[in-house]
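The values are calculated or read from the model by the stated rules, or taken from the named source; none is laboratory data. The structure presented is a predicted model; accordingly, all values stated were derived computationally and were not measured. Cβ placement follows ideal geometry from the backbone for every residue including glycine, while neighbour counts extend to all protein chains displayed. These accessible areas exclude ligands, DNA and RNA; they are computed on the full protein's heavy atoms, side chains included. Shrake-Rupley method; radii C 1.70, N 1.55, O 1.52, S 1.80 Å.
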Amino acid sequence: MTTTLSLIPAVRAAADLAAVPLRAVSADQLTAPTPCADYDVRALVDHLAWAAVLSQRAATRTPFEHDWSSLTPAPFLDGVPVAQWAAAVPAELDAAADAWADPAAWEGETVIGPTPMPASVVGPMMLAEFALHGWDLARAVGARYDVPAELGEAVLTAVQPLASMGRDGGWYGPEVPVPADAPAFSRALGLTGRDPAWGG
């Protein structure tokens, strides 16, 4: 059974793991394709940056107003040369993990972007966001990405109840068949529309 106390180290593990490919991004890879068809490496780095910001805000119940029709990058990247974006994100992921380390962050309701949601749903959603998009980035830039079994199980548990809604909402692609005996993280990739063999 997944509990808040077991998810706290999972958020930390997901944030630390996503930092690995971020530190490997080079300037000449910013326009490279990723497993997310709508994102090149530059856009995916910015997406992870926004995930870190929104995750921190959700964990600390800090209001955040933003014009989502604008194309501005995450606030801490605004004014930073694009070639330096990836190197700036790990510290923000670390701060997000710190914010979710407080058991109180998992209680009651919070807001993710403009949407009120139970914190017990947002926390797992954000750890999955870090781990999955970290994998996307690692595949795009050729970085190593070793997912611990416990983190893979936490990601799978997080995405299972969201997969159908995610596909309907367009944030996940069509399910990719993955063997039932595959590692939990591979099954999570398939549920979210990712081919575990992409770029492999």
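Remarks
- Relative contact order %, the chain, counting alpha carbon pairs below 8 Å whose residues are six or more apart: 28 percent
- Positive-pole candidate from Met165, Leu189, Pro116, dipole of the chain, charges at beta carbon: Leu189
- Heavy atoms of the protein chains alone define the surface here; on that basis the range 1-108 has 50 Å² accessible area per residue at 1.4 Å probe size.
- Amide hydrogen neighbours beyond the local backbone of Ile112, cut-off 5 Å, H modeled: Met117
- Kyte-Doolittle mean at least 0.0 and Cα axial length at least 20 Å: DSSP H helices in the chain: 4-22, 41-60, 85-100, 119-141
- Environment charge at Pro63 (Cβ cut-off 15 Å; Lys +1, Arg +1, Asp -1, Glu -1): -1
- Taking a Cβ cut-off of under 11 Å around Ala119, the surrounding Lys, Arg, Asp and Glu residues balance to a net charge of -2, with basic ones at +1 and acidic ones at -1.
- Applying the criteria of a DSSP loop state and at most 15 other Cβ atoms within 10 Å to the GluC sites (Glu not before Pro) of the range 44-147 yields Glu65, Glu107.
- Heavy-atom surface of the range 118-200, accessible at 1.4 Å and reported per residue (Å²): 46 Å²
- Heavy-atom accessible surface of the range 49-200: percent carbon and sulfur, 1.4 Å: 55 percent
- Alpha-carbon Debye profile of the range 1-99, log10 I(q)/I(0) at 0.24 Å⁻¹: -1.33
- Selection from Leu54, Pro81, Val25 lying farthest towards where the dipole of the range 1-93 points positive, charges on Cβ: Leu54
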